[in-house]
Structures are given as C-alpha cells and as structure tokens.
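Notes to accompany the following structure.
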Amino acid sequence: MERLEVKKIKGKTYYYYSKWGRADGGRCRRIWQRYLGTAENILKMIKDKSEKRKPVYAEVFQFGLSKVLWQENEKANVIEIVDKQCKKRQQGLSLGKYISIAAINRAISPVSKLGMWEWFSATSLVRELPEVDEASISAQQFWNHMDKISIEDCQSIWKELILRVLENEKIDLSSISYDGTNYYTFIDTFNTRCSIAKRGKNKQGRANLRQISYALFCAADGHIPLLYDVYDGNKTDVVHFPEALKRFKKLFTILPDKQLLEKNTLIFDKGNNSEDNFKKIDKYKFYFVTSSKLDQHKELTSVSNNSPQFTQCKQDGLESTKTFRINKIFYGKERTFVVSYNTKLFNAQWQTLQADIQKAIKELSELQKKLDDRLNKIVTKGKKPSLDSIKSQCKEILHREYLKDLITIIYSSKEDLPKIEYEINQVVFKTIVDTYLGKNIIVTNRSAWTDEQIVTAYRSQYIIEGVFKDSKDRKHGTWWPQYHWTDSKIHVHALYCTIALLLRAVMLRKVQSTGMKISMPRLLTELETIKEVVNVYETENKKNQETVLTKCSDLQEKLLQIFGLNLKSLQN
C-alpha cells in the first residue's frame, strides 16, 4: 500500500510519499519513503514540470534514409577502404569520409558541393560525424580532396569495396547483366581540360551537348552493381565492349570461387554484337544470352506469328509467350537461337505502330496541302521548295521503325513545283503485323537450357535498364547535378555515384529478402519521410532536450524493424 504522509516539524508541514507492507506475515511497516517537501515545494515542482513540457523550440532532422545508408556504408567499410588506398595527413576529414558523405548524398537527394552543408546539417549524419562543420565540407574542400584521388585509385577502391560487399552479402553471381548509357553535361565546347566529355548519340535526345558514357555490370541478385566504367562520350557500345569484357574476366580471377565463371551467364544487348566481340566471348569462355536484329535472320523473322512451329511456354510469368528454337552459325560458331513471340509485346508494338502511322499521315497531309497551295497560287511568298528538300522532309517524317517500308511516296512535279502522293502498302502492313511485331530472336550458348530459362534470362536485362532509369531520376537520381569538368573529378564523381547505387541496392535487397514487395522509389520515399524531432526545453537551471521520431505508418514501422532502428538508435 502507498501513502501520502504528513509530518509537522517545528510548526512546518512536510509531505512524504511512502510504501507500506507486511514483512513475513507480521506487522505492517514502512518499506520505503520519499521526501516531497512542503506544499510550496510540491507546487513549484508541478509548475516546473508543466513548463518543461512546453518546448522552447524543436529541430527536425532527416533520420530514416540517412541512418540506414550510413549503416550500410559502415558495413561495407567504405571509409576504411578509401583511406587505405588514399592516405593523407591526420588533418581534417579523411578522404574516406568525403567520399562517404558524397555517396550518401547521391543516394538520397543529390546536391552540388556548394549545397552540401545545408543538406548534411539537416540529416542524422551530424550525429554520426560530429567533427564535420560547414568549413570542412565546403565546395573548395571537396574539390581539393577529389584531386587527391587518381583514376587508378578509383578502380582499386571499387575492387576492394565490391569484394567486401560480395563477401558480406553472399551475392549470387549466376546471372549478370551488362549495358551502357550516357549522361549529358553542360561542359563548354571550348573546354580543353576535359577530354572524356564528347558529343555523341545521346539517349536523352541532347545530342547538342557533350556527354559522358557509363557502362555497368549488374547482378540479377539484388541489382548489385559489380563493375562500372566511365569513358569517352562518342564511343559506341560495340566499340567499348571488348574492354568491358576484359575487366569482367579479370573480376573472376580475384573472386574466391574459381569455378564461378562456369556457373555465370552474361546477359547483354544486341547493340554490342560484332564478330570481334564474339571472338572475345569465345576466348574467355563466357556463357551468354543476347538478342539479334530481326532483319539479320530473314528465315526466322518470316515465320508467321501463328505458325505451329511455336510451342506455348509453361513457366509461371510466361503465359503470353511461345517459342521455337534452332541451331545456326552466328559469328563463327554454332549457337542456339530461340525465337519468341509475346502477346503483350505485340500489343504494345501494335499501338506504337498505329500512333506512328497516324502521325506520319498527318504530317504528309499537311506537307501535301502546302505544296498544292503553292501550285494553285494560294501561297506565293517564301522560298520555293525543291524536290530534294521535299524528299528530305519526307525522310524525316518516315524516320520511325517500319514507316519507310509501310508508306509509299510518289514524287512528281508540275510547273517546276514538286508534288507528292502517298499510300499505305497493305501487303507490307500485313507482313509486318504477322511476322515482326511481338517477336524477339534470342541467341545463347546455353544449349542445355530450356526455352523458358533462356527467355527468362534474356528478360532480366530490364534490371540494368531500371538501374540506369533510377540514376537519371530527377528526385532520387544519383548522377545529376554534375558540375565537374576535369577528367579526374569526373572519374571520382562516377565512383561515389556508383557507391550510392551499391548502398541503395544492398538496402533494397535486405528489405526484399524478408518477403516484402517494394520498389526502390517507394523504399526511398518511405525511409526519407521518417524524421527525427529534437524538442528543446528550458528550465531555471538548464536546457533539456528530448528526441522522438515522427509518427510512422505500419510500413515504416516494419522497415525500422528490418534495419534494427528505434529510439535507442537516436542516442547511438
């Protein structure tokens, strides 16, 4: 039993809080007692307590995403690996810490080096790296330290880092995708200090800008980036592929499992196909799955989509796919060809073709009307069109796939003015629909595999395409903004951008290993919205603070559990 006791001492009333109980079944006696003081003291305590609960101000920090990425960064030993490769005097932040800060920023919300402190100071990283201040991560400090890392250092750092991650995470390397992309820059045309950024065929349609090419090998397991390379922007995929294969072969020589190469299958795009490249593949004894252009194999393409040669795939997820296979010589050796037809692909390509035809017909109709108006003297001003200029315009109108074969244009002239007539070739249209749309030609040397296994492996190319798409996302992308304009800094930029991809991939893999189905953008958003709130209270004697997390959804609670995060994490 607990009691409030009152005692009068020298005419003053004092209050005590006590607990009473029977000891060994005997008399009731006091077990413990707490002194509360006079009524005035109790009132003051209540008042102080009430005032304390009203915070003077609150500070809000990004917690969920920055904390998880920091944990993965530590687990991968990024700081130690960079510092081991790039030693500097014990003065200020180490190179490993600069690279880690840059990589985590790229994984969350990329900013320029000028905006690094504003971002950093609003995250939980201020507690992980208390030695960091605004001066230490200024733009100039970042640039100075980036200059201390050579291109060779970048390669050595990545090699040690990926070996560490492969050991920690036990990544399955049986299926690896390869592809290349490019990133446009705003590097000035007359900047001679940058040789890597050059104009080429830009995949974002910015051919007027200098660009940087980037290639990546990516494991199907967890979408883990394994090898990357940065090279000249005007270098095509097929030209760079031999160098990429050489580095890929070297990776397997440093892995503990020397038999891994026999278990691995490399999946790559048909844009890398050439006779020399397949000689390299055969020399290195790689198993591969790729595709080939439909027009290269007329005897396979001409098989009707409704032909009885096709057999329906029975594997889950391939219900809309049917295949047939043959063996034939391809770049010097006999390979297995699997011709696949997919209903979903057919429907998508059908809609695209219809849209392309409608657009082309509309533009040709407008062009025809302009020519007729000039011939009928309705339009008399402006430069007189020539037959060559009209042919050039028509070529541009029909630049989309299949259109130049589908739409026949008849050129003529009257009164020295060009005229056009056009029509859709129905025979060609039916042939394209019956033999081209929905079809893929897959090539492999995994002849013992079933058609279903080969088709599934080929479709895993979407993995690396998804990684590139994420890297270019304007909210959570990793590459842009990219303001560096010297070759050495661009290589360092590529290093920490790829580390960002690695940390995010490991993070997503950990979540998905629990059975949770969640995309990378969703995971980033859910973790990013978990904030840390520090309420600061002021009493007569000192300031106190209390740290809490913002209210979390059920999904966010599960994510915190997966990564072992809770209120105690705020104090560690």
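Scaled against 2.2 N^0.38 Å for its residue count N, the alpha carbon radius of gyration of segment 145-230 is 1.34. Between segment 496-511 and segment 137-181, how far is it from one alpha carbon centroid to the other, in angstrom? Cα centres, segment 496-511 to segment 137-181: 12 Å.
Any idea what angle helix 426-435 forms with the longest principal axis of the chain, computed on alpha-carbon atoms, 0 to 90 degrees, nearest 10? The two axes meet at around 50 degrees. Compared with the dominant Cα axis of the chain, that is its longest principal axis, helix 343-375 is turned about 60°. With K and R counted +1 and D and E -1, the other residues having a Cβ less than 15 Å from that of His223 yield a net charge of -1.
With the largest listed first and rounded to whole Å, the semi-axes of the equivalent ellipsoid of segment 278-378 from the Cα gyration tensor are 42, 21, 12. Simple spin-label estimate for Glu421 and Asn144 gives 7.7 nm between the two label positions (7 Å along the Cα-to-Cβ direction from each Cα).
Report, in deg cm²/dmol and to the nearest 500, the calculated mean residue ellipticity at 222 nm for the chain, where each DSSP H run with n ≥ 4 adds -39500 (n - 2.57) and the sum is divided by the residue count. Mind dumping the intermediate values first?
On the way: 21 runs with 241 residues, N = 572.
Helix contribution divided over all residues of the chain: -13000 deg cm²/dmol.
So for the chain, what percent of the C-alpha to C-alpha distances run longer than 30 Å? Result for the distance tail: 66 percent. For the chain, the dipole from Cβ point charges (+1 on Lys and Arg, -1 on Asp and Glu) about the Cα centre works out to 1700 debye, to the nearest 20. Would you list, by chain and number, the aspartates and glutamates whose Cα falls below 14 Å from the Cα of Lys293, excluding same-chain residues fewer than 8 positions away? Result set, ordered by chain and number: Asp269, Glu401. Rounded to whole numbers, the Karplus 3J(HN,Hα) couplings from phi for segment 249-264 are 4, 5, 4, 6, 6, 9, 7, x, 7, 6, 8, 5, 4, 5, 8, 8 Hz, using 6.51 cos²θ - 1.76 cosθ + 1.60 with θ = phi - 60°, and x at Gly and Pro.
D by Stokes-Einstein for segment 293-448, Kirkwood Rh over Cα pairs, 37 °C, 0.692 mPa s: 177 µm²/s.
Excluding same-chain neighbours fewer than eight residues apart, the lysines reachable from Lys84 by a Cα-Cα span under 21 Å are Lys75, Lys97, Lys148, Lys159, Lys489. Compared with the dominant principal axis of the Cα atoms in the chain, helix 387-397 is inclined by about 40°.
Residue ranges 465-473, 221-229 sort as 221-229, 465-473 when ordered by packing (mean number of other C-beta atoms within 10 Å per residue, highest first).
Taking Cβ atoms as reference points and 11 Å as the exclusive limit, the residues near Arg335 contribute a net charge of +2, counting Lys and Arg as +1 and Asp and Glu as -1. Beyond 23 Å in Cα-Cα separation lie the following of the pairs Lys249/Lys270; Lys67/Lys551; Lys280/Lys322; Lys201/Lys369: Lys280/Lys322; Lys201/Lys369. Quick check: the distance between the Cα centres of segment 80-120 and segment 184-246, to the nearest angstrom? Computed from Cα coordinates, the inter-centre distance equals 24 Å. Taking the fewest neighbouring Cβ atoms within 10 Å as the starting point, the ordered list for Val536, Val132 is Val536, Val132.
Near Gly233: Cβ cut-off under 9 Å, other residues only, Lys/Arg at +1 and Asp/Glu at -1. The net charge is +3. As a rough footprinting exposure proxy, the listed residues Tyr16, Tyr183, Tyr341 were ranked by other beta carbons within 10 Å of their own, and the order from fewest upward is Tyr16, Tyr341, Tyr183. Per q in 0.13 Å⁻¹, report the Debye log10 I(q)/I(0) for segment 2-45, using one uniform scatterer on each alpha carbon and no solvent. Each listed q corresponds, in turn, to -0.36.
Quick note: the coordinates plus some simple rules give every number you see, no bench work behind them. Fair warning: this is a prediction, and the values are worked out from it, not measured in the lab. Note that we place each Cβ from the backbone using ideal geometry, even for glycine, and neighbour counts take in every protein chain shown.
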